[in-house]
Amino acid sequence: MTQAKPSLKRTLIGKVVSDKRAKTVTVLIERSVKHPIYDKIVVRSSKYHAHDEKGEYKLGDTIEITESRPLSKTKNWVATRLVQKAAQV
């Protein structure tokens, strides 16, 4: 009678903007919010550092990241899956 508990960890989808560090990628998350006074839709962005154990995610890839315990001073996210591969130029 054990049931799987729903995950309480947040997941976000964003684009890899840097993969220069060992086992770490920087992910840009963009979200649209409505300006409180002018009622215009404004794009806000945040950068998160995510752990990439195998170094499989490259610049331009769209990936999903999941919240985790603190892994370093700035890393609190883990890259979980590839959503879309970057276009080859």
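Observations
- Of all residues in the range 72-83, none satisfies being surrounded by 15 or more Cβ atoms within 10 Å (Cβ to Cβ), out of contact with any His (no Cβ under 8 Å at 6 or more places or on another chain), at pLDDT 95 or above and in a loop (DSSP other than H, G, I, E, B).
- Enumeration of residues in the range 49-71 that are aliphatic (A, V, I, L, M) and not in a strand (DSSP E or B): LEU59, LEU71
- Residues that are part of a strand (DSSP E or B) and aromatic (Phe, Trp, Tyr), drawn from the range 23-48: TYR48
- Residue count for the range 73-83, restricted to those that are free of Cβ contacts under 8 Å to residues at least 40 places away in the same chain and either among the aromatic types (Phe, Trp, Tyr) or under 17 Å from THR26 (Cβ atoms) (or both): 5
- Taken together, LYS20, LYS15, LYS9 contain a single residue that is in contact (Cβ under 8 Å) with a residue 24 or more places away in the chain, charged (D, E, K, R) and not in a strand (DSSP E or B), which is LYS9.
- Only listed residue being farther than 19 Å from THR24 by Cβ and not β-branched (Val, Ile, Thr), chosen from PRO70, PRO36: PRO36
The values are calculated or read from the model by the stated rules, or taken from the named source; none is laboratory data. Everything numeric in this text was worked out from a predicted model, so none of it was measured. All Cβ positions, even for glycine, are placed from backbone atoms using ideal geometry, and neighbour counts span all protein chains on display.
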